[in-house]
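Student: Input: one structure, supplied below.
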Amino acid sequence: MIYKRTDDRRRHLHRYHGTGRTWRHVVTNGQAPDCGEMWDVRIGVGYSGGIGDGTGSENHNGAEENASPTPLSLNLQVVILRLSALRRVRYTSGALDGFDKEDVAGLLEDRLANAKEDLEEAREAIKALCEPVEPPRDTLEYLRFFCAEESGNAIQLKENEPKRLALYTMTAALLRSFASLANELAPAGYTSVEIEAIKNEVDHFDKVRNEVKLASGDYIDLKMYEPAMRHLIDTYIRAEESEKISAFDDLSLIELIVERGEEAVDALPKSIRKNKEAVAETIENNVRKLIIDEHPINPKYYDEMSELLKALIEQRRQDAISYQEYLAKIVALTKRVKNSDWATYPASLNTRAKQALYDNLDKDEVLAVAVHNAVSESMQDDWRGNSVKIKKVKNAIKTVLKDDEVTTDRILELVKKQHEY
């Protein structure tokens, strides 16, 4: 997360004490502040005309600490609200050493009350986010709400991206607000029954977060934040080591399937593993994500893979094949999506770039090799960033394609996507 900090704590204290100012920042996630820093985290979700406009215009008096936030898609903004910065200060040993006593009088006496308020707000925020999830609110319902109602649906996966970001951010805020009060829940006024309920809630939403990350494929982009989250859960919630998506620390689900085949299912969290539909939808969403990511490299090939995935999903939904048959087919398809079958290409097409040209030139081997040679001979260092060099490559392609302008432009864009060139 983005935190406010200053090297001159005395200046910070006098500037902001009692001002009641609101700071807004887009959440980027990350580690909690170092011990001794003054910090406060509150979470909110805003739409157009709601909390914050994502422009940083809330900055007042030229305060240099205000970072420039980035607006999220679909006008959803996940923001951290910092209210009355020093009134809500969290204290760790030595954090306020060096301040005059009159400066800090009254700042610490309501620490538990403020920490409790933050925890309650974090609980309310994530419950409000998940309220539309259909009953009985098991794994499958959460996956369909945050990923896609129709597994493998690229449009739904993209549209639900902001909701997933909100889930990840709010869960992190809940974990941290709980951790700041975990050893003082009773002094803060919670009964033993309430404490147990809070622990169950934190555990529940952490598991939901992990399941959604895995089912959507987002975990690949969020790996760097996982250790910090696990540490909080292991320390304050679960006595045993948390059920982690450990198998996915080094390999993606797709890579696990390629490596282990159907046995990769055993690496999924128990809550997903025990539900065949959840397993299927998790795999399908991950395969779809890979197809979307790789599509620019070879549009024709991944269009074909997309159609095969769509047909297999339909077979599963119609109960046209057994679960074991489905697993065998989705594993085989996953392997094809991840690594195209070299045996299906002529021997001369011995690189991915040549294969992409072949697939996108109506499987004309001679033409594909000719275009490849033309590009290889005409391209210069760093040619993609230089209009003159790009034109040289384009003219070489155009000559091979007999001045077909439309096909030349299409193949030029394809060539730009190839790592080989």
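Only the coordinates and a few stated rules stand behind these numbers; no lab work does. This is a predicted model, so every value here is computed, not measured. As a convention, Cβ positions derive from the backbone with ideal geometry for all residues, glycine included, and neighbour counts pool all protein chains shown.
Student: Order of 365, 325 from fewest to most other C-beta atoms within 10 Å? Please report the intermediate quantities before stating the final value.
Tutor: Details: 365 16, 325 12.
The fewest-first ordering by Cβ neighbours comes to 325, 365.
Student: Take the alpha carbon atoms of segment 301-324, find their center, do the same for segment 395-418, and report the distance between the two centers in whole angstrom.
Tutor: About 34 Å separates the Cα centre of segment 301-324 from the one of segment 395-418.
Student: Another one. From the phi of every residue in segment 160-171, what ³J(HN,Hα) in whole Hz does the Karplus formula 6.51 cos²θ - 1.76 cosθ + 1.60 yield, where θ is phi - 60° and glycine or proline is x?
Tutor: Couplings: 8, 4, x, 5, 5, 4, 4, 4, 4, 5, 5, 5 Hz.
Student: Oh, and also: Using only the alpha carbons of segment 100-205, determine the length spanned along each of the three principal axes and report them from longest to shortest in whole angstroms.
Tutor: Largest first, segment 100-205 extends 60, 33, 17 Å along its Cα principal axes.
Student: Determine the dipole magnitude for segment 265-421: charges of +1 sit on the beta-carbon of Lys and Arg, -1 on that of Asp and Glu, nothing else is charged, the reference point is the Cα centre, and the result goes in debye to the nearest 20.
Tutor: For this selection, approximately 460 debye.
Student: Rounded to the nearest 0.05, what FRET efficiency do residue 339 and residue 235 give with R0 = 60 Å and r taken as the Cβ-Cβ distance? Could you check?
Tutor: Calculated value: 0.90.
Student: Sticking with this structure for a sec: Rounded, prolate or oblate: which fits segment 272-344 when a ≥ b ≥ c are the square roots of the eigenvalues of the alpha-carbon gyration tensor, with rounded for a/c under 1.5 and prolate only if a/b beats b/c?
Tutor: Numbers: a/c = 2.02, a/b = 1.74, b/c = 1.16.
Prolate, since a/c reaches 1.5 and a/b exceeds b/c.
Student: While we're on this one: Indicate the gyration tensor shape class of segment 352-416 (rounded, prolate or oblate), computed on the Cα atoms with a ≥ b ≥ c the square roots of the eigenvalues: a/c under 1.5 is rounded; otherwise a/b larger than b/c is prolate and the rest oblate. Let's see the in-between values first.
Tutor: Working: a/c = 1.83, a/b = 1.49, b/c = 1.23.
Prolate, because a/c is 1.5 or more and a/b exceeds b/c.
Student: Would you kindly derive the ³J(HN,Hα) couplings of segment 353-364 from the backbone phi angles with the Karplus curve 6.51 cos²θ - 1.76 cosθ + 1.60 (θ = phi - 60°), listing them in order in whole Hz, with x for Gly and Pro?
Tutor: In residue order, the calculated couplings are 5, 4, 5, 5, 4, 4, 4, 9, 10, 6, 6, 9 Hz.
Student: Place the peptides 142-153, 266-277 in order of packing, highest mean first, counting for every residue the other Cβ atoms within 10 Å and averaging per peptide.
Tutor: The peptides rank, most packed first, as 142-153, 266-277.
Student: A further question on this structure: Between residue 347 and residue 191, 0.36 nm times their residue separation minus their Cα-Cα distance comes to what? List each step's numbers first, then the result.
Tutor: Working: separation 156, 0.36 × 156 = 56.16 nm, distance 7.24 nm.
So the chain would gain 48.9 nm between residue 347 and residue 191.
Student: Let me ask you something else. FRET efficiency for residue 402 and residue 199, Cβ-Cβ distance as r, R0 = 60 Å, nearest 0.05?
Tutor: 0.25
Student: Using alpha-carbon pairs under 8 Å, 6+ residues apart, how would you state the relative contact order of segment 272-344 in percent?
Tutor: 31
Student: Let me ask another. Could you pull out which residues in segment 287-331 have an amide N less than 19 Å from a spot 7 Å beyond the Cα of residue 260, following the Cα-Cβ vector?
Tutor: Label zone hits: 287, 324-331.
Student: Another one. Kindly write out, for segment 263-271 in residue order, the coupling ³J(HN,Hα) from the Karplus curve 6.51 cos²θ - 1.76 cosθ + 1.60 (θ = phi - 60°), rounded to whole Hz, with x marking Gly and Pro.
Tutor: 5, 4, 4, 5, 7, 5, x, 4, 4
Student: Shifting gears a bit: Specify whether the C-alpha gyration tensor of segment 116-164 places it in the rounded, prolate or oblate class, a ≥ b ≥ c being the square roots of the eigenvalues: rounded for a/c under 1.5, otherwise prolate if a/b is larger than b/c and oblate if not.
Tutor: Oblate shape, in that a/c is at least 1.5 and b/c is the bigger or equal ratio.
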